[in-house]
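*Asks:* Starting off with a structure, shown below.
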Amino acid sequence: MRVNHEYGRGGALAYLAAYDIHRAKVFGRCEPKTGIMPFMALVEQVMTQEPHASAKRAFWVVDNGSSHRGQRAIDRLASRFPNAAMIHTPVHASWLNQVEIYFSVVQRKVVQPNDFPDLTQVGDRLRAFEDRYNATAQPFQWKFTTSDVDDLLARLDRHTPADRQEESSVALAA
């Protein structure tokens, strides 16, 4: 949004969410900031509800954010919820985490344009969208299988740098 010299920032709000891939259910919460305490509050919110509370195992796929990075975060989660296992995505591969798909939808459908008069309205809109999403969403159906990855890598291996040079030379001549 455009702002003038008198523009005053209204603050920031952290939206934390967990995504149950089997049920396409989002567990979200708005916090004044990120950190270990807000992250563990989200974990508590999810892990104290069924079916997660009585599940044999619950996997938490997380990026490498500071509130849940490293062995200390793994130990903290396991000590509070023995049935929870933390799995970190590789650095720069958060797209493997399905909650990131949800966050991209939130970015496009909820927070843009950024025309909120205050943080209360941001939180209200996020919670309303989460409620609607939970009422209508279906689990994501991944179509890119491991055999698709193998096929892609094989195709890439068949191309040599000389092939790419020849292709670009032909394109320039056309």
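The values are calculated or read from the model by the stated rules, or taken from the named source; none is laboratory data. In this text, all values refer to a predicted model and were calculated from it rather than measured experimentally. Please note: Cβ atoms are built from the backbone with ideal geometry, for glycine as well, and neighbour counts cover all protein chains shown. For accessibility, only protein heavy atoms count, side chains too; no ligands or nucleic acids. Shrake-Rupley method; radii C 1.70, N 1.55, O 1.52, S 1.80 Å.
*Asks:* Kindly indicate whether SER94 is at pLDDT below 90 and among the hydroxyl-bearing types (Ser, Thr, Tyr).
*Replies:* yes
*Asks:* Further, regarding this structure: Do any residues in the stretch 71-87 that are closer than 13 Å to ARG57 by Cα and among the aromatic types (Phe, Trp, Tyr) have Cβ atoms under 8 Å from those of residues that are part of a helix (DSSP H, G or I) and modelled with pLDDT of 95 or more, where the two are at least six apart or on different chains, and which pairs are they?
*Replies:* PHE81/VAL43; PHE81/MET47
*Asks:* Quickly run through the stretch 16-57 and pick out the residues that are in a loop (DSSP other than H, G, I, E, B), open to solvent by 50 Å² or more (accessible area, probe 1.4 Å) and touching a residue at least 40 places away in the same chain (Cβ under 8 Å).
*Replies:* ILE21, HIS22, ARG23
*Asks:* Also: What residue, of PHE116, PHE144, PHE129, is modelled with pLDDT of 85 or more, of a type outside the set (Lys, Arg) and either open to solvent by 60 Å² or more (accessible area, probe 1.4 Å) or more than 16 Å from ILE21 (Cα to Cα) (or both)?
*Replies:* Exactly one of PHE116, PHE144, PHE129 is modelled with pLDDT of 85 or more, of a type outside the set (Lys, Arg) and either open to solvent by 60 Å² or more (accessible area, probe 1.4 Å) or more than 16 Å from ILE21 (Cα to Cα) (or both), namely PHE129.
*Asks:* Something else now. Output the residues belonging to the stretch 58-69 that are small (Gly, Ala, Ser) and either surrounded by 14 or more Cβ atoms within 10 Å (Cβ to Cβ) or over 18 Å from the mean Cα position of the chain (by Cα) (or both).
*Replies:* Within the stretch 58-69, ALA58, GLY65, SER67 meet the criteria.
*Asks:* Applying the selection to the stretch 107-136, what residues are outside any helix (DSSP H, G or I) and either within 16 Å of the chain's Cα centre (by Cα) or without any contact (Cβ under 8 Å) to a residue 24 or more places away in the chain (or both)?
*Replies:* Passing the criteria: VAL110, VAL111, GLN112.
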